[in-house]
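Each remark here refers to the structure printed beneath this line.
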Amino acid sequence: MDVTVSDPSAQGFDPDRLSRIDRHFQRYVDDGRLIGWQVLVSRHGEVVHHSMSGQRHREDDLPWVDDTIVRLYSMTKPITSVAAMMLYEEGAFELKDPVSKFIPSFAGARVYRSGSVLKPVTEPLMEPVRMWHLLTHTSGLTYGFHHQHVTDALQRAAGFEWGGPDDMDLEAACDVWAGVPLAFQPGQEWLYGVSTDVLGRVVEVISGQSLDVFFEQRIFTPLGMTDTGFHVPPAQLGRAARLYSPSPTSGEAVVSPLESIGTAFLSGGGGLWGTAADYLRFAQMLLNRGELAGIRLLGTRTVDYMTQNHLPGGTDLETFGRPLFAESSYDGVGFGLGFSVQLDPAANKVLSSPGEFAWGGAASTAFWCDPHEDIAVVFLTQLLPSSTHPIRPQLKQLVYQALVD
């Protein structure tokens, strides 16, 4: 991986202040909270800070290097959302289209009303699950790993928690999810779930290609994302980072019991592996409003539309959403078509800019783009779950405090 770092001072950053990022996260490695990490910061299309520390594989004493490959988990979702909107730009669907137009089993979806896991009481849909519901996580589809609601338990009963059945492809998985009661009527709340996985299946149906082939031909190859995919090639396995989780007794990072759990199907919600350099190219494309190095994936107005708040009434996730984790705060943060959107940094209590759009992954990875400051940031590590430490708000305050122009 060739990442050229430019003079931060020429881009409005104080180099000494940027070094605070490294000192701060070095302490995470020193006390065992993280095994390794990497961060890339760019402004005006120039990388101004690139650092890493620790190990990608503690047990084999392998250092974290610039081309370490990680599980991106939910940082897959923005890529799937871009893929869908590329087809939208071709007129392949409308945002109000019912998902059942492409996945017929969703025509029979029902909504949880009351009862237990053994005897759930359901009601019919008041309106169909639509494409915009998938893109905004307002479909009522959930994740089995939430452990907060009866519908989460129903997902687990169907075989889906962190992974899924070994013999199930994406088409079959979507049919199973269509048969699990939705947590609420579509459009009534925000809930993190398998919506983007279903969106990935719609991409397959419309394009006539498997999701991996579509991604490779339409996104990864054009953008030069040579190390991103649903699987790590055998020749590159030595570059892959191990997955860690906090010890329940000491809090130090230990090998995660979920390391070997995955999905047989192509998960548009969480299945990709990749590198920091690759993801920065994707983020820079978005920050450039759909274009990178002369290659355009989306029109400028489409990116603008995707990165505005689509929650009803302009509300935020704290008001409209069911929390990802009890300790998380989403005051002042809305949601667009595949990204969180910063509405009010003062309400969110984190130094940032209005209009910033972002997302992260379950293994504590994160990225954001700030159109106001023309900044893109990618942070990689491998610690599950992402709620373990306040890495993301801390990283933001450390990046923004380094701006001095």
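The criterion of being in a helix (DSSP H, G or I) and open to solvent by 10 Å² or more (accessible area, probe 1.4 Å) holds for ALA153.
Inclusion of PRO165 among residues that are more than 19 Å from MET85 (Cβ to Cβ), in contact with a His (Cβ under 6 Å, 6 or more places away or on another chain), part of a loop (DSSP other than H, G, I, E, B) and of a type outside the set (Val, Ile, Thr) is not warranted. Where residues in region 1-33 are closer than 30 Å to SER247 by Cβ and assigned to a loop (DSSP other than H, G, I, E, B), which of them is least open to solvent (accessible area, probe 1.4 Å)? This residue is GLY32.
How many residues does region 184-194 contain that are in contact with a strand residue (DSSP E or B) (Cβ under 6 Å, 6 or more places away or on another chain) and assigned to a loop (DSSP other than H, G, I, E, B)? Counting residues in region 184-194 that are in contact with a strand residue (DSSP E or B) (Cβ under 6 Å, 6 or more places away or on another chain) and assigned to a loop (DSSP other than H, G, I, E, B) gives 1.
Yes or no, residue by residue, for (1) under 25 Å from LEU223 (Cα atoms); (2) at pLDDT 95 or above; (3) in a helix (DSSP H, G or I):
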site	(1), (2), (3)
TYR279	yes, yes, yes
TYR305	yes, yes, yes
GLN308	yes, yes, no
LEU324	no, no, no
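Among the residues making up region 136-146, those that are out of contact with any helix residue (DSSP H, G or I) (no Cβ under 6 Å at 6 or more places or on another chain) and either among the polar types (S, T, N, Q) or in contact (Cβ under 8 Å) with a residue 24 or more places away in the chain (or both) are THR136, THR138, GLY140, TYR143.
Per-residue answers, yes or no, for (1) surrounded by fewer than 24 Cβ atoms within 10 Å (Cβ to Cβ); (2) without any contact (Cβ under 8 Å) to a residue 40 or more places away in the chain; (3) of a type in the set (Asp, Glu):
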{"residue": "MET75", "(1), (2), (3)": "no, no, no"}
{"residue": "ASP97", "(1), (2), (3)": "yes, yes, yes"}
{"residue": "LYS101", "(1), (2), (3)": "yes, yes, no"}
{"residue": "ARG110", "(1), (2), (3)": "yes, no, no"}
{"residue": "GLY115", "(1), (2), (3)": "yes, yes, no"}
{"residue": "LEU118", "(1), (2), (3)": "yes, yes, no"}
{"residue": "ARG130", "(1), (2), (3)": "yes, no, no"}
{"residue": "TRP162", "(1), (2), (3)": "yes, no, no"}
{"residue": "ALA178", "(1), (2), (3)": "yes, no, no"}
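Of the residues examined, ARG301 is not one that is open to solvent by 60 Å² or more (accessible area, probe 1.4 Å) and under 19 Å from the mean Cα position of the chain (by Cα).
Only one of the numbered conditions (1) free of Cβ contacts under 8 Å to residues at least 12 places away in the same chain; (2) in a helix (DSSP H, G or I); (3) of a type in the set (Gly, Ala, Ser) is violated by GLY200, and that is (1). You will find that of SER245, SER260, SER250, the residue that is part of a strand (DSSP E or B) and either within 17 Å of the chain's Cα centre (by Cα) or not acidic (Asp, Glu) (or both) is SER245 and no other. Across region 138-156, the number of residues qualifying as more than 11 Å from PRO186 (Cβ to Cβ) and touching a Leu at 6+ places or on another chain (Cβ under 9 Å) comes to 7. Within region 256-282, restricting attention to residues that are in contact with a strand residue (DSSP E or B) (Cβ under 6 Å, 6 or more places away or on another chain) and among the aliphatic types (A, V, I, L, M), the residue that is most open to solvent (accessible area, probe 1.4 Å) is LEU280. Among the numbered criteria (1) β-branched (Val, Ile, Thr); (2) open to solvent by 10 Å² or more (accessible area, probe 1.4 Å); (3) in contact with a Phe, Trp or Tyr (Cβ under 6 Å, 6 or more places away or on another chain), which one does THR138 miss? Only one criterion is unmet by THR138, namely (2).
The values are calculated or read from the model by the stated rules, or taken from the named source; none is laboratory data. In this text the structure is predicted, and so the values were computed from the model without any measurement. Please note: Cβ atoms are built from the backbone with ideal geometry, for glycine as well, and neighbour counts cover all protein chains shown. Areas reflect the complete protein model, heavy atoms only, side chains present, ligands, DNA and RNA absent. Shrake-Rupley method; radii C 1.70, N 1.55, O 1.52, S 1.80 Å.
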